[in-house]
Amino acid sequence: MIVTAGWYMGLAAILFAIGALGILIRRNALVMFMCVELMLNAVNLTLISAGRELGTLDGQVSVFFVLVVAAAEVVVGLAILVSVFRNRATASVDELAELSG
Amino acid sequence: MTFEIDYLALAPELVVAGTIIAALLLDLFLTRSKKYWVAVLSVVGVAGGLVPIVYMLAEGGTRSMFDGSYVVDEFALILKIVFLVSGYLVLLMSVSYIEADRYYQGEYYFLLLSSILGSLVMSSSRDLIVLFIGLELTTGPLFLLAGWRKGDAKSNEASLKFFILGVLSTAILLYGMSLLFGLTGSVEFTAIAAAIPDLVSEPALALSVLFLIVGFAFKASAVPFHFWAPDTYEGAPTPVAAYLSVNSKAAGFVAMLIVMYTALPGISEVWAPALWVLAALSMTVGNLSALRQGNIVRLLAYSSIAQAGFMLVPFAAAAVAGSDLAQAFSATVVYLVIYALMNLGAFAVVIAGARRTGSGDIDDWAGLGQKDPVLGLLTALFFLSLAGIPPLAGWYAKFVMFASVIEAGGISTLVLAAIAAVNSVIAFYYYARVIKAVWLDTPSEELLARPGREYAGSIKLTLAISMGLTIAIGIYPTFATYFGEASRVIATGGG
């Protein structure tokens, strides 16, 4: 069996769906961050396999940008989570319900 | 491949980037009581960024770099003016507000300037990677700014909600981009547009376009992707909420229009109905939710959702009817310019009024007009302008919107125009409710007893600038029309 780019794309689609589902059903903010990372890595896999299939460098170059932005976002997200935890001692998004209406 | 760098074209970004670094360094050497110098530097830097833009506008022409990935045409310049002027006003209204909070003043300006730089980059992007970097640089610092009062549980919650939905939207947007790249084999908008006609029957293409729309709609907080907006606006510091409602919303919005217009005109039958639905839902849900808000920041949050719907109307209508998109583009830009001015004015009023009354609830604002007539008049001015009452600027925005819809023609656009008309009436009701509280309701003893403190000069300046421009555009709309006409250049020179 030959593993073509389509297989990688399919895997990426599955990873993306798992990540999206995780965001919807999990309530721990830390796990939600991890799900977003899973979605971003699905994006990277799609970019790389498409870039390889097309024979251009654009895909690989894009991945670097995505990686850097993802890393920066994790830093910001963890900082926010730490300040939430200091005030509340919880990481569950359901318990954050002061603002509504 | 050419890598010649046109420094004049990049000058606005370079000035702002230089200001960012200088602000960070200056902050290190200042004692706490002197921190306002960072604010002075930031304000000067942002105003300095306008100089090369005005020069390039006077000179005319289109400058293109990096194989057309970074284009400075009149459309980009107009947007840069909008982003810089609204950033300037937000900086001004932040000064006294952040000083009163007493912590991290230097970093505040650093983050706000970074976000402004992101929106400048975004307006010139004609390539998926540059667009993505610009958008992320715009929203990334805002996650932190929304949670600026980090001892306050509301502010924490605001930034966490904003962050989770923000990164989720980024992931969705990127997945759409990666599929689009995989199908068309390019990240450049012109090349994508050229490849589209051969791929129209591909189902994955429609999927990728929908992913892109969902991602952008989150950033622009269009219904049904708006849930984070009211909570974040309420919990964030008020100047940050003002920035979110104008700059960051406009950035998401404009990014969507640039991509649809320059990269995806070939499959407008996929995105045109989606935009139509987004526009109709944003107007209706935004306005209906605004009706039952007691907090004035939440009211402005829902009102800005509804205004984004109005802004989307000309473009959605023209795309559905298949008529001239350039015309619709200029109508949208005119609306955006006017909305930015009057909405920032309204937020400055909220900051001043919250200081005067000590509350953000509309009921507590009862009789503010007796206590402070000037502030009462300004409240009436900006809220009437948002409602679209002549001779204030808001009427012209609405006029341009309806004119372009009628020009587009067709049944579905007329339905959209009817929805917009009904919504204008609903919107008037809740804007008028604020004015009624301020002028007709009897003030409480508590409010009359509060000491009348002097406002900071910077907030007065913010109010004066936005008031002056709101009245000037309302009486002499040709000024705004110029912005609209110039922004059409994306149709010919740019792209």
Angle, helix B:325-357 long axis vs. longest principal axis of chain B, Cα atoms, 0 to 90°, nearest 10?
20
Do you know the relative contact order of chain B, to the nearest whole percent, from alpha carbon pairs under 8 angstrom that are 6+ apart?
16
With a probe of 1.4 Å, find how much accessible area the protein assembly as shown has per residue, and write the answer as a whole number in Å².
36
Using alpha-carbon positions, what is the distance between the centroids of the range B:122-176 and the range B:220-299, in Å?
14
Can you give me the angle between helix B:457-475 and the longest principal axis of chain B, using Cα atoms only, in degrees from 0 to 90, rounded to the nearest 10?
60
Based on the Cβ-Cβ distance of B:Val374 and B:Ala206, what FRET efficiency does E = 1/(1 + (r/R0)^6) give at R0 = 51 Å, to the nearest 0.05?
0.40
Average partner coverage of B:184-192, which counts Cβ from other chains inside 10 Å
2
Return the long-range amide H neighbours of B:Glu202 (sequence gap of 5 or more, or a different chain), with a cut-off of under 5 Å between placed amide H atoms.
none
Regarding the range B:232-357, what whole-number volume in Å³ per residue does the convex hull of its Cα atoms give?
91
Could you give me the ³J(HN,Hα) list for the range A:73-88, computed from phi with Karplus coefficients 6.51, -1.76, 1.60 and θ = phi - 60°, whole Hz, x at Gly and Pro?
5, 4, 4, 4, x, 5, 4, 5, 5, 4, 6, 5, 5, 4, 7, 10
From the phi of every residue in the range A:3-13, what ³J(HN,Hα) in whole Hz does the Karplus formula 6.51 cos²θ - 1.76 cosθ + 1.60 yield, where θ is phi - 60° and glycine or proline is x?
8, 9, 4, x, 4, 5, 4, x, 4, 4, 4
Solvent-accessible area buried by pairing A with B, both sides, nearest 100 square angstrom, 1.4 angstrom probe:
3400
What is the distance in Å between the Cα centroid of the range B:422-458 and that of the range B:317-370?
16
Given charges of +1 on the Cβ of Lys and Arg and -1 on the Cβ of Asp and Glu, with all other atoms neutral, how large is the dipole of the range B:264-495 about its Cα centre, in debye to the nearest 20?
300
In whole percents, the bins of 5 Å from zero upward hold the Cα-Cα pairs of the range B:181-305 as 2, 11, 19, 20, 15, 11, 9, 7, 4, 1, 0
Note, ³J(HN,Hα) from phi for the range B:276-286, Karplus 6.51, -1.76, 1.60, rounded to Hz, x at Gly and Pro:
4, 5, 4, 5, 5, 5, 4, 4, 5, 5, x
Give me the count of lysine pairs in the protein assembly as shown whose alpha carbons sit under 22 angstrom apart, restricted to pairs 8 or more positions apart or on different chains.
14
Taking B:10-16, B:197-203 and ranking on average Cβ neighbours within 10 Å, highest first, one gets B:10-16, B:197-203
To the nearest 20 Debye, how big is the dipole of chain B about its Cα centre, given +1 on the beta carbon of each Lys and Arg and -1 on that of each Asp and Glu?
1240
Leaving ligands, DNA and RNA out of it, work out the accessible area of B:Glu445 with a 1.4 Å probe and give it in Å² to the nearest 10.
150
Residues meeting the amide H criterion for B:Arg63 (H placed from the backbone, H to H distance under 5 Å, 5 or more places apart or on another chain) are B:Val72, B:Asp73
Hey, any idea what % of the protein assembly as shown's accessible area is carbon plus sulfur with a 1.4 Å probe?
69
In nm², what is the average projected area of the convex hull enclosing the Cα atoms of the range A:5-99?
6.6
Before rounding to the nearest 500, sum -39500 (n - 2.57) across all DSSP H runs of length at least 4 in the protein assembly as shown and divide by the residue total; then give [θ] at 222 nm in deg cm²/dmol.
-26000 deg cm²/dmol
Does the range B:380-467 come out rounded, prolate or oblate, given a ≥ b ≥ c as the square roots of the eigenvalues of its C-alpha gyration tensor, rounded meaning a/c under 1.5 and, failing that, prolate meaning a/b above b/c?
oblate
Quick one: Cα convex hull volume of the range B:264-495, Å³ per residue?
113
Enumerate by residue number the GluC sites (Glu not before Pro) in the range B:52-107 meeting two conditions: DSSP loop (anything except H, G, I, E, B), and at most 12 other Cβ atoms within 10 Å of the site's Cβ.
none
Longest exposed-site-free window of chain B, the sites being trypsin sites (Lys or Arg not before Pro) in a DSSP loop that have at most 16 other C-beta atoms within 10 Å:
B:103-291
Compute the relative contact order of the range B:264-495 as a whole-number percentage, counting only Cα pairs closer than 8 Å that sit 6 or more residues apart in sequence.
28
Cβ-based charge dipole, the range B:1-119, positive-most Cα from B:Gly60, B:Tyr7, B:Leu91
B:Leu91
What's the angle, to the nearest 10 degrees (0 to 90), between helix B:153-184's Cα axis and the longest principal axis of chain B?
10
Using amide H atoms built in the peptide plane, which far-off residues or other-chain residues are under 5 Å from B:Asp127 H to H?
B:Phe189
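The values are calculated or read from the model by the stated rules, or taken from the named source; none is laboratory data. Fair warning: this is a prediction, and the values are worked out from it, not measured in the lab. Counting neighbours? That spans all protein chains shown, and the Cβs are built from the backbone with ideal geometry, glycine included. Ligands, DNA and RNA are excluded from the accessible area calculation, which covers all protein heavy atoms including side chains. Shrake-Rupley method; radii C 1.70, N 1.55, O 1.52, S 1.80 Å.
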